[in-house]
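S.K.: Structure incoming, see below.
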Amino acid sequence: MKYTKEEVMQFVEEEDVKFIRLAFCDVFGKQKNISVMPDQLQRAFDFGIAIDGSAVDGFGGDVYSDLLLHPDPDTLSILPWRPEHGKVVRMFCTVTYPDGRHFENDTRSILINAVDKAREEGYEFFFGAEMEFYLFKLDENGEPTNIPHDKAGYMDVAVADKGENVRREICLTLEQMGIYPESSHHEEGPGQNEIDFRYSDALSAADHTVAFANVVSTIAARNGLYASFSPRPLEDKPGNGLHINMSVKSKDGKDHRTSMIAGVLEHVPEMTAFLNPVEESYKRLGSNKAPKYVSWSSENRSQLVRIPAAYGEYKRAELRSPDPSANPYLAFALLIYAGLDGIKNETELPRPANINLHKADEKTLSAYRRLPKTRDEAIKIAESSKFIAEHLPEMMIKTYCK
């Protein structure tokens, strides 16, 4: 549901709201927040709420210590796990300097700029995330272990699937927050789960992805478990992916999907440092259906980009390389810019790779570009990329490429 500032003020007064959480992310996509009381809400809307940026990863250290949070009323959501009396609500925020200028390393603003750029050129992009996570047991001190919650496999059912009730609670909680999952199931790894989201506009999809991680961690803890979004939490088991489904609509009514995909394929090595930002990311790529080469195909899950079987409004492209350590605001922004580049230049798709690249011989594989093998390699490619330099602030690039 979309709210105005006035409607938020009315909601807080009428629904016994006692705390308003103003949420934002550091540059790596980790959610942060500050809580204010209802009598501070008008000030938050009018002037913003001050935070110490020097204590936030990637916000520039002591030089940019004074920053302001500005809540987006469209993102108002109750936190259902908090008390019914004296409710707690949350809104996502943009970040500015005290003089009103947008803060360069506010990744939500970076995505907003990408969405605005696409709209100016007559396009709108839509995203749906498929995020995987493991559920691990806690030890006697309440600390996470590497012991999976169950030993079930892909789409198994209870009693082998012990995550069924946890996923149910997560999905119902998301629905109470206005976020609508499409499906949920047990994944291939022991204790591994997946929940997929309904398609939405880019900004809502990114907000929902950040909220999802918070909900999963919260519900897991309430059930005496630990939720891990690590790209490879168990060395000999499948890693966690953040499969990103995307599509584009245009004012001219034409189908620009192939050019969009071609643009993504062209620029994906340059984006990999941001789609796969941690060392563990590169332990996942190339194993257990995670892609290793720049390729595409219909339905084939060994490819970087898969075109799922779907019709009408459900036609989309699925990018399979990102993992949950990626900041969704940055990931979606870069994918929009890559898609726009492909559409503008009418980039042609290479021939589809209708083979299993995980089992292909070296001669066959030599025809395909590889994704970066390591984080260091991904960083070097990003640092030398004109595409990245054009679309991300210098401070952001330096933060990721340390």
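The values are calculated or read from the model by the stated rules, or taken from the named source; none is laboratory data. Since this is a predicted model, take the numbers as computed values, not measurements. Don't worry about glycine lacking a Cβ; one is built from the backbone with ideal geometry, like all the others, and counts go over all protein chains shown. With ligands, DNA and RNA removed, areas are computed over all heavy atoms of the protein, side chains included. Shrake-Rupley method; radii C 1.70, N 1.55, O 1.52, S 1.80 Å.
S.K.: Of TYR368, MET260, ASN146, which is farthest towards the positive pole of the chain's charge dipole, taken about the Cα centre with +1 and -1 on the beta-carbons of Lys, Arg and Asp, Glu respectively?
M.R.: Positive-end residue among those listed: TYR368.
S.K.: What share of Cα pairs, in percent, lie more than 37 angstrom apart in the chain?
M.R.: Here the tail beyond 37 Å accounts for 21 percent of pairs.
S.K.: Under a point-charge model restricted to the Cβ atoms of Lys and Arg (+1) and Asp and Glu (-1), what is the dipole moment magnitude of segment 36-76 relative to its Cα centre, in debye to the nearest 20?
M.R.: My answer is approximately 60 debye.
S.K.: For a protection proxy built on the mean count of beta-carbon atoms within 10 angstrom, sort 116-123, 149-156 highest first, please.
M.R.: 149-156, 116-123
S.K.: By how many nm would the segment from ARG369 to ILE355 grow when fully extended, if each residue of separation counts as 0.36 nm and the alpha-carbon distance is taken off?
M.R.: Taking 0.36 nm per residue and subtracting the Cα distance, the gain is 3.5 nm.
S.K.: Another question, then. Size of the dipole of the chain about the Cα centre, Lys and Arg at +1 and Asp and Glu at -1 on the beta carbon, nothing else charged, in debye to 20?
M.R.: Once rounded to the nearest 20, the dipole reads 1120 debye.
S.K.: What distance in nm separates the two pseudo spin-label positions at ILE147 and GLN40, each 7 Å out from Cα along the beta-carbon direction?
M.R.: Each label point lies 7 Å from its Cα, and together they span 4.2 nm.
S.K.: Can you compute the modelled spin-label distance between VAL159 and ARG222, with each label point 7 Å from Cα toward Cβ, in nm?
M.R.: 2.6 nm
S.K.: Oh, and also: Have a look at GLY239, GLN31, ALA158 and report the one farthest towards the positive end of the charge dipole of the chain, computed about the Cα centre with Cβ charges (Lys/Arg +1, Asp/Glu -1).
M.R.: It is GLY239, whose Cα lies furthest towards the positive end.
S.K.: Then there is this: So what J values fall out for segment 20-30 if you push phi through Karplus, 6.51 cos²θ - 1.76 cosθ + 1.60 with θ = phi - 60°, rounded to Hz, Gly and Pro as x?
M.R.: Listing the rounded values in order: 10, 8, 9, 9, 8, 10, 6, 5, 8, x, 7 Hz.
S.K.: Over what distance in Å are the Cα centres of segment 246-293 and segment 327-402 separated?
M.R.: Segment 246-293 and segment 327-402 have Cα centres separated by 7 Å.
S.K.: Gain in length, GLU182 to ASP236, computed as 0.36 nm per residue apart minus the alpha-carbon separation, to one decimal in nm?
M.R.: Details: separation 54, 0.36 × 54 = 19.44 nm, distance 2.93 nm.
Here the segment from GLU182 to ASP236 would lengthen by 16.5 nm.
S.K.: For ASN288 and ASP57, calculate 0.36 nm times their separation in residues minus their Cα-Cα distance, and state this gained length in nm to one decimal.
M.R.: 80.0 nm
S.K.: Lys/Arg Cβ at +1, Asp/Glu Cβ at -1, dipole of the chain taken about the Cα centre: which of PHE197, ILE179, ILE51 is farthest positive-ward?
M.R.: Projecting each Cα onto the dipole axis, the largest value belongs to PHE197.
S.K.: Around ASP156, which amide H atoms from residues at least 5 apart in sequence, or from another chain, sit under 5 Å from its own amide H, with H modelled in the peptide plane?
M.R.: Answer set, sorted by chain and number: HIS186.
S.K.: So for the chain: antiparallel DSSP bridges make up what percent, rounded to the nearest 5?
M.R.: Among the beta bridges of the chain, antiparallel pairing accounts for roughly 85 percent.
S.K.: Using a 1.4 angstrom probe, figure out how much accessible area the chain has per residue, in square angstrom, rounded to the nearest whole. Let's see the in-between values first.
M.R.: Working: 18750 Å² over 402 residues.
Roughly 47 Å² per residue, with all protein chains present.
S.K.: Follow-up. Pull up the DSSP beta bridges for segment 1-151 and report the antiparallel fraction as a percent, rounded to 5. Each step should come with its number before you reach the end.
M.R.: Numbers: 19 of 25 bridges.
Approximately 75 percent, going by the DSSP bridge assignments.
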